[in-house]
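The block underneath contains the structure these notes are about, expressed in structure tokens.
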Amino acid sequence: MKRLLHCERRLFAGGGAHATRVLLIALIFLPALAHAYAGPGAGFAVLSSFWAIFVAFLYSFYALMTWPFRQLFRFLRRRNAYGKATFERAVILGFDGMDPELADRFMKEGRLPNLAKLRDKGTFRKLRTTFPAISPVAWSTFMTGVNPGKHNIYDFLACDRNSYLPYLSSAEIKGPKRHIKIGKYSIPFGKTEIKAMRKGTPFWHWLGDAGIFSSVIRVPVTFPPEKFQGVLLSGMCVPDLKGSQGTFCFCTTRASNDKFREGGVRVPIERKNGVCRSYVPGPDNPVKENAGEVRMEFELKPDVGSKQARFTVGSEKFTLKVGEYSEWITAEFKAGMGFTAHGICRFYLKELSPEVEVYVTPVNIDPGHPDLPISHPVTYSIYLAKLFGPYATLGLAEDTWALNEHVLDDDAFLAQAYGNHEDRERMLFDALDKTKQGLCTCVFDTTDRIQHMFWRYLEEDHPAARDVPHSEHPQVIQDLYERMDRLIGRVMEKIDEDTLLMVISDHGFKSFARCMNVNAWLHQNGYLALKEGKTESGDWFEDVDWSRTRAYTMGLNGLYLNIKGREKQGIVDPSEVEALKAELQKALNGLVDPASGAVSITGVFIADNVYRGPYTENSPDLIVGYGAGYRASWDSVMGKVTSQIFEDNIKAWSGDHCIDPRLVPGVLFSSHKFIEEKPAIVDVAPTILKLFGLALPAHFDGKPWTLATKAAAVTPAS
Amino acid sequence: MTALSNPTAGYAAAIAAFALLTSPLAIVIVLSLVVGLLMVVLFGYTSDQKAIGIAKDQLKAHLLAVRLYRDQIPVVMGSYGKILRGTGRYLKLAFKPLLYVIIPITLLMVQVDRYLGQTPIAVNAPFLLTVHTAAGEALNEAALELPPEITMTAPPVHVVAENQIVWRLSGAKDGKYALRISAGGQSVEKAVCIGGDLPRISTIRLRGKFWERMFSSAESAIPGDSPIESMSVNYPDRDISVAGYGMNWIWMFFILSMVAGFVFKELLGIQI
């Protein structure tokens, strides 16, 4: 704006200023003909802006005129929505993975003054989590107020009992059923079907039915978004444009045949006449059969001397220095016949000399032009994109795989994570401004991702950080908690005594120093058999002999029996199931890691004892609760059978929570005091409904908490 | 200043090239397309595209907020206020590039209007020559000299109250002729066009009045010491017929250049 004013001043300065001014005034104010002479530029400006005002005016007028009738209608239908409410507004901040022990330690060190204020004035408790302590499971329980047996989410992945292959547990996306064939083209006809696998009703639906508005931002397992009275932006489990949970692209001139274990693809860069050309892989071509993926090509011109490169991506041009991210860039994947997939991605220039290397984030669904619904209403994601610019929409937006694979370094990962975090903060504060009554809830994933990736620096001898002296370990997690505390301080400035502020986490965190391959243990103990001549199996049980296998594990905590009549090649007779469960429970519980002498499994839980509800048949048969410092190995999660049961975890992903849920409770902070000593995440939904004066649905498993006193407004620490 | 009303040779050549086209409708269509393209490009180069993009996005966001939070009147009213402020911000950003756009297009349009604004006087059709003098005495002294092809069809009418004399004339042959009026010992000429397709027409010749002369006259100024203030010929307005509906070329140009502009801005990816 300053520049514009400066230009205007310059225009009016100097010798011809008077004549110019007179000419302009004459042009603008001479009657009809001169106005028409203003031509298309003026026409566009005037029409565009007045169109906006006109539409706004019309809609405001409509909203104002119909408001009393709508209010009356609501009143007649439900009486006063807030008549029995204890609070006008509830604000729930979800800090995924915030650990109560770390929070307590940092509060004692004086690092978290705002959380300490909540502790002193309101509530600070450990929040019991779900079995297993995994985000999609725990957040599903948070929103529905029921155990996993009633909401059907047991892990990120579920097991197909026919193929022994995994599928995404939260949503199923199917392309249009019908296609019209024209030559080599097969044009999809109809809509993409997105089926929500999570069952149960989020509590904001009950609030909406009672006329209470909710703003729900990035709560996990809210994809596909469901209709209710309020606005919602989907969080964890939203796919990228390829349909995966995040596939980054690493473009490089270095020749390599290595494939990333998961989460990314390597793409060659061709260098010719000082120009480098490469591409970003997109979704599979939807209109040409067997055409493979659609690609978006790009080029860059390196300037090695100044350590920067000029990028051309579609119509966008930008310059990046080495170690710098671009803004979000529009990525259009044209498949032909007018079919275009709309995404956004960021480029990171990793190296220019001697080789050229560029990292590209997974291509996120463009929130301003969503090809799949990622919000309710659909316009909410567009609204946020117009207001704040493009933002990450992918469920797991922080690219942990790229750091694990050394494509990104610590700083690059943190820059990406905090960039997403800042977008999320802007959304939260907008929602706080817009939701003066009702529910406002926002989940921040940053806490989870950064603890996963930087726990190694909290410990003296973590296998993943042995190359860095302990004295040089960066204080990443300390900084993270302080940052979250400052966020709470800013939220406190926006609330009064009629607002309940709750800060919760779905689980805590522990070290992940040692990996355990339960499939290997099952193999070595005669529960899982390999095909003749094999000593190990590839991914997804490639070399497993199902005709001799009684148990297997897939995903993070689930252990399955190969039951006759349930699994396609099941061999365990249903009459033997209970005995086998008990046998495995006994054998695995308290299993000691011979290398360290530590207990690697502190609890094995039989699903029938921890789940109840209509979807228990989809659960694993046993839940493995690893001890602190242990977790399922990377291979075990992917259905691989190795020869070694235990090994060090040397990946950057060095902290975890997919262990014995009793060891990783979450946190509960609140601005008003609750009397419960052992609250659980399943209690949040009934508590909120009760505080808004609503009756509790009979199927709820959680119990509402009791408010000790309604305290005065909590203010941020000075 | 004279250059503004008497175009340079290059400018005139460009205009003459247009004049080669005999159909006014074709001229307006071609002109609209070219101007639509040039103006969009000029707007793109002279504007802060990023800032305009942001301002437009913000406007759209506030519009969407009105819809999303329709049951919350304070939010609706707040958004309405932001829309008004956003519109102001957008117009401010569009002001500078508009200046760059307005000046050349205005000069161009003034010149094109000489050709397309009026039709020439038809052969043997009566027309009026109106002369304004500075003072009433000059009315009695004023005398009109006509070329042989132009004849007076009625005695002059003196409108003393308005210092005006009106002659009713008629032209017998196609061509451009000079009508000479003598008054106060000086003589001044006024050009008149009889017949022809697209001659360059000047409806009026003026003394002083720079701005008015720039927009409506294609002739040099009447000398400052002349008792005559203006001389005008009542050329008929030209209507261009589209589907049986006649309209002034300016309106057609305005609509077509806007449509062209919208198309080109999309093709060129320029924010307007």
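Candidates A:Asn589, B:Phe127, A:Ser170 compared by Cα position along the dipole of the protein assembly as shown: farthest toward the positive end lies B:Phe127, with charges placed on Cβ.
Might you report the magnitude of the Cβ-based charge dipole of chain B about its Cα centre, with Lys and Arg at +1 and Asp and Glu at -1, to the nearest 20 debye?
On the way: 23 positive and 19 negative charges, 282 e Å.
I would put it at about 1360 debye.
Can you tell me how the range A:211-356 classifies by the Cα gyration tensor, rounded, prolate or oblate, using a/c under 1.5 as the rounded cut? Prolate. Taking the helices alone, the protein assembly as shown has a mean residue ellipticity at 222 nm of -11000 deg cm²/dmol, built from -39,500 (n - 2.57) per DSSP H run of at least 4 residues and averaged over all its residues. When a/c reaches 1.5 or more, the comparison of a/b and b/c decides; with that in mind, is the range B:191-272 rounded, prolate or oblate per its Cα gyration tensor? Since a/c reaches 1.5 but b/c is at least a/b, the shape of the range B:191-272 is classed as oblate. Other protein chain C-beta atoms within 10 Å of residue C-beta, averaged over A:374-384: 3. Length gained on full extension, A:Lys301 to A:Asn525, computed as 0.36 nm times the residue gap minus the Cα-Cα distance: 74.9 nm. As a rough footprinting exposure proxy, the listed residues A:His421, A:His342 were ranked by other beta carbons within 10 Å of their own, and the order from fewest upward is A:His342, A:His421. Judged by the gyration tensor of its Cα atoms, with axes a ≥ b ≥ c, the range A:434-527 is oblate; a/c meets the 1.5 cut and b/c is at least as large as a/b. Here's the picture: charge each Lys and Arg Cβ at +1 and each Asp and Glu Cβ at -1 in the range A:292-402, and of A:Pro373, A:Ser315, A:Ala392 the one pushed furthest to the positive end of that dipole is A:Ser315.
Counting, for every residue in B:247-259, the Cβ atoms of other protein chains within 10 Å of its Cβ and taking the mean gives 3.
Highest-first packing order for the peptide set B:176-187, A:488-499 is A:488-499, B:176-187, based on the mean count of other beta carbon atoms within 10 Å. If you wrap chain B in the convex hull of its Cα atoms and look at it from every side, the mean projected area works out to 20.2 nm². Kirkwood radius and radius of gyration were both taken over the C-alpha atoms of the protein assembly as shown, and their ratio Rg/Rh is 1.13. Under a model in which nothing but the beta-carbon of Lys, Arg (+1) and Asp, Glu (-1) is charged, the protein assembly as shown shows a dipole of about 2240 debye around its Cα centre. Rounded to the nearest whole angstrom, the semi-axes of the ellipsoid equivalent to the range A:513-663, taken from the Cα gyration tensor as √(5λ), stand at 23, 20, 13, largest first. With contacts taken as Cα pairs under 8 Å at a separation of at least 6 residues, chain A carries a relative contact order of 21 percent.
Computed over the range B:41-186, the quotient of the alpha carbon radius of gyration and 2.2 N^0.38 Å is 1.99.
Temperature 4 °C, viscosity 1.567 mPa s: under these conditions the Stokes-Einstein estimate for the range B:126-233, based on its Kirkwood radius over C-alpha pairs, is 92 µm² per second. Could you tell me the calculated FRET efficiency between A:Phe54 and A:Lys272, based on Cβ-Cβ distance and R0 = 45 angstrom, to the nearest 0.05? After rounding, the FRET efficiency stands at 0.30.
Cα centroid separation, the range A:419-498 to the range B:253-267: 49 Å.
Annotation: the antiparallel percentage among DSSP beta bridges lying fully within chain A is about 70.
When only alpha carbons of the range A:336-492 are considered, Rg and Dmax amount to 18.3, 60 Å. Look at the stretch A:422-434: the mean tally of other chain Cβ atoms within 10 Å of its residues' Cβ atoms is 1.
Packing order of peptides A:678-691, A:133-146, highest average first: A:133-146, A:678-691 (average count of other Cβ atoms within 10 Å over each peptide's residues). When peptides A:319-328, A:453-462 are ranked by their average number of other Cβ atoms within 10 Å per residue, the highest-first order is A:453-462, A:319-328. Of the cross-linked pairs A:Lys564/A:Lys586; A:Lys288/B:Lys265; A:Lys227/A:Lys386; B:Lys60/B:Lys92, those separated by over 25 Å at the C-alpha level are A:Lys288/B:Lys265. Of the residues B:Thr119, B:Thr46, A:Thr222, B:Thr106, the one with the fewest other Cβ atoms within 10 Å heads the list, and the complete ranking is B:Thr46, B:Thr119, B:Thr106, A:Thr222.
This ranking places A:Arg631, A:Arg277 by how few other beta-carbon atoms lie within 10 Å of each, fewest first, which gives A:Arg277, A:Arg631.
Relative contact order, whole percent, for the range A:513-663 stands at 35, derived from Cα pairs under 8 Å and 6 or more residues apart. For the options B:Gly171, B:Gly117, B:Gly244, a Gaussian network treatment of chain B with springs between C-alpha atoms closer than 10 Å singles out B:Gly244 as fluctuating the most. Think of chain A as a dipole: +1 on every Lys or Arg Cβ, -1 on every Asp or Glu Cβ, centred on the Cα centre; then among A:Gln71, A:Phe605, A:Ile659, A:Gln71 lies furthest on the positive end.
We did not get these values from a lab; they are worked out from the coordinates using the rules stated. Computed from a prediction, not measured in an experiment: that's the story for all the values here. Positions of Cβ are generated from backbone atoms using ideal geometry, with glycine treated the same way; all protein chains shown enter the neighbour counts.
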